[in-house]
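Written below as structure tokens is the structure these notes are about.
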Amino acid sequence: MDKFKHPAEPFRIKAVEPIALLPREKREEVLRAAKYNVFKIKAQDIYIDLLTDSGTGAMSNQQWAALMMGDESYAGARSFYRFESIVRDITGKKHIIPTHQGRVAENVLFSSILKKGDYIPNNTHFDTTRANVSHKGGIPIDFPCPEASSDEELPFKGNMDTLRLRRFIEEKGADRIPAVFMTVTNNSMGGQPVSMSNIRETAALCKENGILFFFDCARYAENCYFIKQYEPGYQNKSIKEIALELFSYADGALMSAKKDGLANMGGFAAVNDDDLARRIIELLIIIEGFPTYGGMSGRDIDAVAVGLQEALNEDYLEYRIGQVAYFGRILERAGAPIIKPSGGHAIFIDAARFLPHIPNRHFPGQALTVELYREGGIRAVEIGSLMFGGYDPNTGEEIHAARELVRLAVPRRVYTASHLDYVAEIVGRIGNRKDQIGGFKITRQATYLRHFTVELDEIAPKGISVK
Ligand SMILES: *Cc1c(COP(=O)(O)O)cnc(C)c1O
């Protein structure tokens, strides 16, 4: 097969949403007004938006039709029972509790199981999961596998380091660890998948110690497709069968349906334990809503129910994962050093290697992010020292992230091969004039999650004046 071939879409397009590239002077103006923070740019001023794959996907005709079938009854709506039956069919869990986003499922679960000072191990916590654990007095701990940080092209770099997890349980004692989490795919580790054998091993370790085992399963369907592709013994199984096996090892799961639910909003918690479900629902009613709608309208619940089934379709997954892989290959051909293998939902450019003349303290990832908008109206996000750095409260010294990355997330069923070709072309053009690209300095920042609101100013590279 041609290495640079994009998979043909298993759908055709029925509704279109116009997008346009602003003229260059206008883009400069937009950047200045946004203080070089792409979170502050209006969506209408973006041409290709690769900020996130969360809630940005396109719904199918079946999902739009399902919206009309939404039952908006306060209690016992038909929409809920359709949703419950589908989620139960996939996860095999007894209690299906709808929430309007993944983070609310996190809130109600952690509020129900955590005591102050308890630990929650995870292959890698996603930001909101980490924040929810901390907010309820818990201590989030990450155990990514050692291969996660290597440059080797290995198939399951999202795995849990079970050796370290075992030692940690022995050291702290199982009574201080109410649950172990597995994030599939491992979002904060580049959307890398977790193997079934690693899941089995982790689940066995939890069972042995009487600890609950949970999935954070926003991208479980993408993970199952990777298992089918790369893990021996799964080639002849359907994605649904693989998903059933995956969930069979867990006591429960939390999901943001904004990813593999193929919906713009939604989520759920699924648990087996009756008592735990009762505690969760008690809190749910206070902060979210009655347990047959969570925080969703009936029509949204129906859209999620249909989306969950569509995401298990193998033609869809082949296209989806194939598109992201194609994107990685063309970016590499355009000269961008990327994290390999490509994950399920995004490509990460190593900005420290792409712009080696910009030191960490001048945010090479942000420099590339700004340049993507300046050159091509593209929105990406810095995942480096701007997002994870900060100041040591004792010494006042600037702390840097381990890697200076720029994430280009791919929304589901939204962009075509030509859109991605365009992005690669822009990256190539930026690469051809790297020397003219300077770094940034912060002019204003918040104490927490500074990347959302930070204001920056451009530093001219040596010998060049920035207008
Ligand atoms: C998006 C995401 C969440 C949070 O879900 P929201 O719907 O954004 O609240 C949690 N975990 C993972 C792995 C995610 O990707």
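The chymotrypsin sites (Phe, Trp or Tyr not before Pro) of region 57-108 that meet both conditions, a loop assignment by DSSP and at most 10 other Cβ atoms within 10 Å of the site Cβ, are Tyr74.
Rounded to the nearest 5, what is the percent of antiparallel bridges among the DSSP beta bridges in the chain? For the chain, the DSSP antiparallel bridge percentage is about 65. Each of Arg279, Arg167 was scored by other Cβ atoms within 10 Å of its Cβ. Listed from fewest to most, they are Arg167, Arg279.
How much net charge surrounds Arg299 when only other residues with a Cβ under 10 Å from its Cβ are counted (Lys, Arg +1; Asp, Glu -1)?
Combined, the nearby Lys, Arg, Asp and Glu give -4.
For a distance above 34 Å, tell me the whole-number percent of Cα pairs in region 61-310 that qualify. Can you show the working numbers first?
Working: 4069 of 31125 pairs.
That fraction is 13 percent.
Rounded to the nearest 10 degrees, the inclination of helix 298-310 to the longest alpha-carbon principal axis of the chain is 80 degrees. Centre-to-centre separation between the Cα atoms of region 245-305 and those of region 15-45: 35 Å.
Sketch the reach of a paramagnetic label on Lys207 as a point 7 Å from Cα along Cα-to-Cβ, and name the residues of region 228-248 whose backbone nitrogen lies under 18 Å away. Flagged as within label range: 242-248. Principal-axis analysis of the Cα atoms of the chain puts helix 239-248 at an angle of about 60° to the longest axis. Calculated on C-alpha atoms, the gyration radius of the chain divided by its Kirkwood radius gives an Rg/Rh of 0.96.
Against the chain, whose longest principal axis comes from its Cα atoms, helix 162-172 is set at around 70 degrees.
If R0 is taken as 51 Å, the Cβ-Cβ distance between Met69 and Thr395 corresponds to a FRET efficiency of 0.30.
Taking amide H positions as modeled 1.01 Å from N, with prolines and chain starts lacking one, the residues under 5 Å from Phe363 and 5 or more places away or on another chain are Phe440. Taking every alpha-carbon pair under 8 Å whose residues sit at least 6 apart, the chain reaches a relative contact order of 22 percent.
Compute the signed sum of charges (Lys and Arg +1, Asp and Glu -1) over the other residues within less than 11 Å, Cβ to Cβ, of Ser188. Spelling it out: positives minus negatives among the neighbours equals -1.
With a Förster radius of 41 Å applied to the beta-carbon distance between Lys42 and Ala8, the computed FRET efficiency rounds to 0.75.
With +1 assigned to the C-beta of every Lys and Arg and -1 to the C-beta of every Asp and Glu, and no other charges, what is the dipole magnitude of region 1-77 about the Cα centre in debye, to the nearest 20?
380 debye
Annotation note: trypsin sites (Lys or Arg not before Pro) in region 390-433 located in DSSP loop regions with a Cβ neighbour count of at most 12 within 10 Å are Arg433. Computed from Cα atoms alone, the Kirkwood hydrodynamic radius reported for region 259-313 is 12.2 Å.
Using θ = phi - 60° in the Karplus curve 6.51 cos²θ - 1.76 cosθ + 1.60, the 3J(HN,Hα) couplings for region 328-333 round to x, 5, 6, 5, 5, 4 Hz; x is entered for Gly and Pro. Between the residues Pro18, His95, Ser54, the greatest Cα displacement towards the positive end of the dipole of region 9-105, with unit charges on the Cβ of Lys, Arg, Asp and Glu, is found for His95.
No value in this document is a laboratory result; all are computed from the given coordinates. Every value quoted in this text rests on a predicted model; they were computed, and no experiment measured them. Here the Cβ is made from the backbone with ideal geometry for all residues, glycine too, and neighbour counts use every protein chain on show.
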